[in-house]
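Here the structure is laid out as C-alpha cells; the discussion comes afterwards.
The values are calculated or read from the model by the stated rules, or taken from the named source; none is laboratory data. Just so we're clear, the structure is a prediction, and the values are computed from it rather than from any experiment. Cβ sites come from the backbone with ideal geometry, for glycine too, and all protein chains shown count toward neighbours. Side chains included, ligands, DNA and RNA excluded: accessible areas come from the protein's heavy atoms. Shrake-Rupley method; radii C 1.70, N 1.55, O 1.52, S 1.80 Å.
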Amino acid sequence: MADAVGAKQEKETHVDADVVVVGGGLAGLVAADELIRAGRRVVLVDQENAANLGGQAYWSFGGLFLVNTPEQRRLGVKDSFDLAWQDWQGSAGWDRLDGELPEDEWAARWGRAYVEFAAGQKRSWLIERGLRFTPIVGWAERGAGTAGGHGNSVPRFHVAWGTGTGVSEPFADRVRAAAADGRMTLLYRHRVDELVITSGRVTGVAGTVLADDDSPRGVASNRTPVGSFTLSAQAVVLATGGIGGNHDLVRRYWPPRLGRPPRAMVTGVPAYVDGRMLDIAEAAGVRLVNKDRMWHYTEGVQNHTPIWPGHAIRILPGPSSMWFDALGRRLPVPALPGYDTLGTLKHLRTDPAIAGYDHSWFVLTQKIVEKEFALSGSEQNPDITNRDRRQLLRNRLGKGAPPPVEAFLRRGADFVVAPTIGELVAKMNALTGEPLLDPGSIERQIRERDAEMANPFTKDTQVMGIHNARRYRGDRLVRVAAPHRILDPAAGPLIGVRLHVLTRKTLGGIQTDLEGRALDTRGQPIEGLYAAGEAAGFGGGGVHGYNALEGSFLGGCLFTGRTVGRSLARAL
C-alpha cells in the first residue's frame, strides 16, 4: 500500500484552460456558467467530492434579497431602490473610507451596484436560469428601530422553490452538463495550496490531490494526500468561501466591539468552510480587508441529527417569543426575535454580568411555535425543498407545528416543555446544570408583558412589533401568531429553548474592484486573479459593511459570480 501511495504522489496533473475556478460553491458555479456560456475553457477545482457541488448554498433556506417585485406588490408591499439603498447604507455603516487605501472604498461601490441589481435585473435573470419563488415574502432582519438605521423597512426575503437546492442546483446542473459533454473540466478532491505567479501575474494554481472519499454531502472528508497537481490558465477565480467552519479563525478575528468570543459555539456551515484559501491568498500578496467583520446568529440550536461536526440549526423566529439572557433577564430593545442579529450578539457578549455564559433563552407557547418557528436549511424545509405545494399548505396553515419543528420539540437537546412556569424553569435550569433562573422573576416579567396584550396599542416595543407585523398580510397568514398571553393555558404548553451562538458568515475578505479583480497591498489589480462570493466579502471585501439585510448572502454569491464571469469573458 505504501508503494502504491508513493507512486501516486509522483503523479502530476497539468491542464491548460482559459480560467481556473477554485471552489464549487454558488459563486464558483455562477462564474463558471457565465464563462461556459461565453465559450471559454474552464477548469473548476474543489477539495470535496462530487456530492458537495453547490457548497453552503445547497444547505441554505434559499432566501434572496429582491426589491420591488411582483411578489411584494401582490402582498401590498411598496418598495423601491431608494428605500432599499437607504436601508442598506444604514445597515452597512461603512466607516473606513478615509486614508490612502480605504478598506470600504470598493465595498461601498459594490453595495450600491448590488442594490441596483436587486431592484433591477436580478429577478428576471434568475427566472431565465430556472429559479422560481414561493408567493410569501418574508420580513427578515426587521431592524434596530430607526428609519435611517439598520434593518429592512419592508419584507424583501424571497424564498426560492427548492430552498437552497433551488438556487444552487440550476447552476450545478449546467456545470455538470458542460463537464459531461467536454465543454469544461471538473476536478474533485483537488485542494489548492498555492497561487502560481509568473512575472507578477497569476498564471495558475498548484496543490494536493486528496484521497478519494465517498462521504455524503456535508460530512467531513479525509485530508489524506495522494498526489500533486498544477494547473495553468490565463486567469484564476477564487470562490472558496469564508471562515465559519473554523472556530479558531473566528476567534482570531473576533472584534472587540462584539465583546468576548464565546467559549463554546455551534456551527452553521460544513467543516470545509475553513478559510485556508484566504490565508494563502494573503501570503501571495492579495489584500484582505475588514477581517473583523463577521455574521453569526444567536438563535442556534444543536441538531438532533448532525451531518458535520458541531452541526446546528438556526431558528428563524417570528416576533412573539420572549427572549431572556442566561440569568433570566428579558433582553432589551432592539434585541428582539428577528430584528437585529448583531445588536443582540453584541448585547449578549458585552454585558459583564452575562458575557461569561454562552447561551440565552426563548420562552414561548405551543401557539407561537406552531405559527412562528421556521428552521433554516434545505433539509429542515422538505415541503419547500421538494416543491410540494400541498405539503406546504398542510405544514404552514394546518394544525400543529411543521414536522421538522415538531422533531426538535421531541428530540432537540435544547428544548424543554412544561405546563407551568415553575416546572418549565426547573427543566431549563436542569439543562444548564446551574440554578441561574429564578421562576418568580421569569413569571413576573412574562406577566408584565401579558398585561400589554389586552389592547391593540401598547407601550411595550415588542408587542408593538407584533401588532405591526400582523398588519402585513404575509406575516398574518403564515408567520405571526395572533397576539395572546404567554401564560394563557389555552395557548400552552410552555416551551423553553436554549440558544447558542451559531457561526455563519465572513463579511470581510479579498478586496476587489467592480470587475471582480483582486487587489494587492497597494490597491492595484493583480493581473490574472479574481475573487467572488464570501471570499471577496461578497464584493469589494465588505459589501454588507457591519450588518446584513438577509437574503443577501446567496445574492452576493450570484452577483459577484455573474460579474466576475462576465468581466473575464470580455477580457479573455
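Scanning segment 350-404 for residues that are open to solvent by less than 40 Å² (accessible area, probe 1.4 Å) and on the phi > 0 side of the Ramachandran plot, which turns out modelled with the lowest pLDDT?
Residue satisfying both the conditions and the ranking: Gly400.
Would you confirm whether any residue within segment 475-490 is over 28 Å from the mean Cα position of the chain (by Cα), open to solvent by less than 30 Å² (accessible area, probe 1.4 Å) and not hydroxyl-bearing (Ser, Thr, Tyr)?
Scanning segment 475-490, I find at least one residue that is over 28 Å from the mean Cα position of the chain (by Cα), open to solvent by less than 30 Å² (accessible area, probe 1.4 Å) and not hydroxyl-bearing (Ser, Thr, Tyr), so the answer is yes.
Out of (1) in contact (Cβ under 8 Å) with a residue 40 or more places away in the chain; (2) surrounded by 14 or more Cβ atoms within 10 Å (Cβ to Cβ), what's the single condition that is false for Asn429?
In the conditions (1) in contact (Cβ under 8 Å) with a residue 40 or more places away in the chain; (2) surrounded by 14 or more Cβ atoms within 10 Å (Cβ to Cβ), Asn429 misses (1) alone.
Pro317 - would you say it is in contact with a Pro (Cβ under 6 Å, 6 or more places away or on another chain) and open to solvent by less than 40 Å² (accessible area, probe 1.4 Å)?
Values: in contact with a Pro (Cβ under 6 Å, 6 or more places away or on another chain): yes; open to solvent by less than 40 Å² (accessible area, probe 1.4 Å): yes.
It is true that Pro317 is in contact with a Pro (Cβ under 6 Å, 6 or more places away or on another chain) and open to solvent by less than 40 Å² (accessible area, probe 1.4 Å).
Of all residues in segment 456-466, which are open to solvent by 40 Å² or more (accessible area, probe 1.4 Å) and either at pLDDT below 95 or assigned to a helix (DSSP H, G or I) (or both)?
Pass one, segment 456-466, residues open to solvent by 40 Å² or more (accessible area, probe 1.4 Å): 456-457, 459, 461, 464.
Within segment 456-466, Pro456, Thr461, Met464 qualify.
Which of the residues belonging to segment 208-234 are within 28 Å of the chain's Cα centre (by Cα) and under 18 Å from Gly23 (Cβ atoms)?
Those that are within 28 Å of the chain's Cα centre (by Cα) and under 18 Å from Gly23 (Cβ atoms): Leu210, Asp213, Arg217, Gly218, Ala220, Ser221, Arg223.
Is there any pair linking a residue in segment 228-246 that is assigned to a loop (DSSP other than H, G, I, E, B) to one that is basic (Lys, Arg) and buried (at least 24 other Cβ atoms within 10 Å of the Cβ), with Cβ under 8 Å and at least six apart or on different chains, and which?
Between residues of segment 228-246 that are assigned to a loop (DSSP other than H, G, I, E, B) and residues that are basic (Lys, Arg) and buried (at least 24 other Cβ atoms within 10 Å of the Cβ), the close pairs are Gly242/Lys505; Gly244/Arg504; Gly244/Lys505.
Give the residues of segment 254-275 that are closer than 26 Å to Val22 by Cα and surrounded by fewer than 17 Cβ atoms within 10 Å (Cβ to Cβ), sorted by residue number.
Across segment 254-275, there are no qualifying residues.
If Leu131 satisfies all but one of (1) within 24 Å of Gly474 (Cα to Cα); (2) outside any loop (DSSP other than H, G, I, E, B); (3) open to solvent by less than 20 Å² (accessible area, probe 1.4 Å); (4) out of contact with any Ser or Thr (no Cβ under 7 Å at 6 or more places or on another chain), what's the number of the condition it fails?
The single condition Leu131 does not satisfy is (2).
Mind telling me which of the residues Ile486, Ile526, Ile495, Ile510 ends up being among the β-branched types (Val, Ile, Thr) and out of contact with any helix residue (DSSP H, G or I) (no Cβ under 7 Å at 6 or more places or on another chain)?
Values: Ile486 fails: out of contact with any helix residue (DSSP H, G or I) (no Cβ under 7 Å at 6 or more places or on another chain); Ile495 fails: out of contact with any helix residue (DSSP H, G or I) (no Cβ under 7 Å at 6 or more places or on another chain); Ile510 fails: out of contact with any helix residue (DSSP H, G or I) (no Cβ under 7 Å at 6 or more places or on another chain).
Checking each option against the conditions leaves just Ile526.
Given the residues Val154, Val159, Val202, which is the only one that is in contact with a strand residue (DSSP E or B) (Cβ under 6 Å, 6 or more places away or on another chain) and either at pLDDT below 95 or farther than 16 Å from Val45 by Cβ (or both)?
Just a single option satisfies the conditions, and that option is Val159.
Given the conditions (1) among the aliphatic types (A, V, I, L, M); (2) crowded, with 19+ Cβ neighbours inside 10 Å; (3) touching a helix residue (DSSP H, G or I) at 6+ places or on another chain (Cβ under 9 Å), and given that Val202 satisfies all but one, which numbered condition is not satisfied?
Unmet condition: (3).
Determine whether segment 310-323 contains at least one residue that is aromatic (Phe, Trp, Tyr), at pLDDT 95 or above and in contact with a Gly (Cβ under 9 Å, 6 or more places away or on another chain).
The answer is no, given that none of the residues of segment 310-323 is aromatic (Phe, Trp, Tyr), at pLDDT 95 or above and in contact with a Gly (Cβ under 9 Å, 6 or more places away or on another chain).
Give me the residue from segment 441-455 that is open to solvent by less than 20 Å² (accessible area, probe 1.4 Å) and within 19 Å of Val480 (Cα to Cα) and, out of that set, farthest from the chain's Cα centre (by Cα).
Among those residues, the one meeting the criterion is Asp450.
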